[in-house]
Amino acid sequence: MTTRAVSMRTSLKLAVVGVGLLLGACSSIQPWVKPYERDRLADPIMSWNRDAISGAYLDHINESREGSRGATGTAGGGCGCN
Amino acid sequence: MRIFPRHLSRLAAVATLSLMCSAGAAVLPDDRADAFWSSYKGGGMNITGESVLVRKKFSEQFSAQANYFIDKVSGASVDVLSQASVIKDERKQKSLSVDYIHDKTQYNLSYTNSTERDYISSTTHFSLSQDMFGDLTTVTLGFTDSRDKVGENNGSAFKPVIAWLGHAQSRGYEGGVSQVITKNLIAGTTVEVITDQGLLSNPYRSIRYRDAVPLGYSLGTQVYPNTRTSTAVEGRLKYYLPYRAAASLSYRYFTDTWGIRANTIELGYTQPVANKFIFEGRLRHYSQNSATFYSDLFPFAGSQNFEARDQNLAAQTNNSIGAKMTWAFAPEGFLIFKRATATFDVSRIQFKYRAFRNIKYFNDTPAGGGYKPGAEPLYAFDAMVYQVYLSMFF
């Protein structure tokens, strides 16, 4: 067996172990912040964008005077509070 | 005459779509009605905006939102003034959005139409958000399609003669993750790639080039590439402080195929007082370099394939400071309303350009101060933005 073949087999084994560990980790993920601990996150002051028209208006003012655009964050909302 | 900066209609539509999609996944937001008024003054422009928004749940799974926005503009920006014309225009924007929830997935479909007399934009947006990992994580995927018709007013502000010049199309692909880190800390990241095709220049903005005329320069037509692709990545954090207040931090990096690189950083602080008031302060810093084909003064006409002198593409820095007060004037509600708030918001923005010169009053004539072309002062201005709105929750 050539050195290259040994190296490939080792890499393959490592990949299988790595994927296994990742899958194992996924299956054991437990919510580390329990639903009854999310009252602070559910407080309106923790909202990314409390007033929609105002947030969109300020984004618009910036974007119409700058060369950049996009990924202003307001579309990716959700705090997992429900 | 279309007085708004290039792509204003589309930008407004996309901003509105952000508005439509700002709800968290898997739970529909409260029914509400908003009446909104705004004022922007700066750089020779006066823009007032009025808007009405109504959001209504028809079941625990389905809600709809309608928004109408009208902008009225008067005045003239520095580049328009350099061509000796005054502007007056209005933009009307109508939006409709529906949300549907199934289990832990929220679907959103929105349509926005924005009309100025020389610019028409139609934008369709679809997104879905999925809660996962014990509802600690929300993943959002979105797609936006925008189609614009671009025109130019060859008449006056009061007697418009519109020439339709062409079309532009834009597609945006967005992915976002919002993650609960601890019971006090939430983080989020969003990536958005936008591609444009078509007529992408602002017909009201011109290049200037050195010329053997008394002024020392002449103005000419901008020539833009007909495609553009941009990528923006934003990361943000929000932290709940021990005494019921919140602090936020966000950073965005932007890059595009026109050679623009931009950085944005924002800080925010929210402080409720006595369950009747919420005070908010924010700071924002923005910086970008110039597009590769931008120049304030070209050596001669046609000196390169693509030529632009749109201030949006010029190297610039701006800093904003803002304050907002929300007053719950009817916390117990009245008539059909559960509660009602009034909000006052003020921002001051300082714009400083590093590669765009003010040629409004300055030129190489005795009356203009005797500046040589290319040696005029760099352009800078301050803008004030006011917002007042009533929000009724029912």
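The values are calculated or read from the model by the stated rules, or taken from the named source; none is laboratory data. Treat the numbers as computed from the prediction; the structure is a model and nothing was measured. A quick note on method: Cβ atoms are made from the backbone with ideal geometry, for glycine too, and the neighbour counts reach across all protein chains shown. Each accessible area value is taken on the protein alone, full model and side chains, heavy atoms only, with ligands, DNA and RNA left out. Shrake-Rupley method; radii C 1.70, N 1.55, O 1.52, S 1.80 Å.
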Failed condition for B:Phe133, given (1) out of contact with any strand residue (DSSP E or B) (no Cβ under 7 Å at 6 or more places or on another chain); (2) farther than 29 Å from B:Tyr107 by Cβ: (2)
Filter result for B:Leu237 (more than 10 Å from chain A (Cβ to nearest Cβ) and of a type outside the set (D, E, K, R)): yes
Subset of segment B:49-67 (residues that are open to solvent by 50 Å² or more (accessible area, probe 1.4 Å) and closer than 20 Å to B:Phe344 by Cα): B:Glu50, B:Val52, B:Val54
Verdict on B:Arg210 being in contact with a helix residue (DSSP H, G or I) (Cβ under 9 Å, 6 or more places away or on another chain), open to solvent by 20 Å² or more (accessible area, probe 1.4 Å) and not aromatic (Phe, Trp, Tyr): no
Filter result (modelled with pLDDT of 80 or more and more than 7 Å from chain B (Cβ to nearest Cβ)) within segment A:27-42: A:Trp32, A:Lys34, A:Pro35, A:Tyr36, A:Asp39, A:Ala42
Qualifying positions in segment B:293-338 - at the interface with another protein chain (Cβ under 10 Å from one of its Cβ atoms) and part of a strand (DSSP E or B): B:Tyr294, B:Gln316, B:Asn318, B:Ser320, B:Gly322, B:Lys324, B:Thr326
Residues satisfying the stated conditions in segment B:153-169, i.e. among the polar types (S, T, N, Q) and either in a strand (DSSP E or B) or out of contact with any Pro (no Cβ under 9 Å at 6 or more places or on another chain) (or both): B:Asn153, B:Ser156, B:Gln169
Which listed residue, of B:Gly322, B:Gly374, B:Gly281, is in contact (Cβ under 8 Å) with a residue 40 or more places away in the chain and open to solvent by less than 20 Å² (accessible area, probe 1.4 Å): B:Gly322
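Each row is one residue, and each column tells you yes or no for (1) crowded, with 21+ Cβ neighbours inside 10 Å; (2) of a type outside the set (A, V, I, L, M, F, W, C).
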site: B:Ser122; (1), (2): no, yes
site: B:Leu141; (1), (2): no, no
site: B:Val150; (1), (2): yes, no
site: B:Gly172; (1), (2): yes, yes
site: B:Ile181; (1), (2): no, no
site: B:Leu185; (1), (2): no, no
site: B:Val191; (1), (2): no, no
site: B:Gly198; (1), (2): no, yes
site: B:Thr227; (1), (2): no, yes
Test set (1) polar (S, T, N, Q); (2) modelled with pLDDT of 95 or more; (3) not in a loop (DSSP other than H, G, I, E, B) - B:Ser290 fails condition number: (3)
Residue match in segment B:164-184 (condition: among the small types (Gly, Ala, Ser), within 27 Å of B:Ser74 (Cα to Cα) and under 24 Å from the mean Cα position of the chain (by Cα)): yes
In segment B:267-281, the residues that are more than 9 Å from every other protein chain (Cβ to nearest Cβ), of a type in the set (A, V, I, L, M) and on the phi < 0 side of the Ramachandran plot: B:Leu267, B:Val273
Which numbered condition A:Arg65 fails, given (1) under 22 Å from B:Arg236 (Cα atoms); (2) at pLDDT 90 or above: (1)
Subset of segment B:92-103 (residues that are more than 30 Å from B:Ser74 (Cα to Cα) and open to solvent by less than 80 Å² (accessible area, probe 1.4 Å)): B:Ser97, B:Val98, B:Asp99, B:Ile101
Conditions (1) of a type in the set (D, E, K, R); (2) at pLDDT below 95; (3) under 30 Å from B:Phe69 (Cα atoms); (4) touching a helix residue (DSSP H, G or I) at 6+ places or on another chain (Cβ under 9 Å): number failed by B:Lys360: (3)
Residue list for segment B:246-266, restricted to those being within 7 Å of chain A (Cβ to nearest Cβ) and free of Cβ contacts under 8 Å to residues at least 40 places away in the same chain: B:Ala246, B:Ser250, B:Arg252, B:Phe254, B:Ala262
Spans of strands (runs of 3 or more DSSP E) in segment B:170-224 with at least 1 residues of a type in the set (D, E, K, R) and more than 9 Å from chain A (Cβ to nearest Cβ): B:185-198, B:206-210
Test for B:Ser156: is it out of contact with any Gly (no Cβ under 6 Å at 6 or more places or on another chain) and open to solvent by less than 20 Å² (accessible area, probe 1.4 Å): no
Checking B:Ala168 against (1) under 28 Å from B:Thr48 (Cα atoms); (2) in contact (Cβ under 8 Å) with a residue 24 or more places away in the chain; (3) open to solvent by 20 Å² or more (accessible area, probe 1.4 Å), the condition it does not meet: (3)
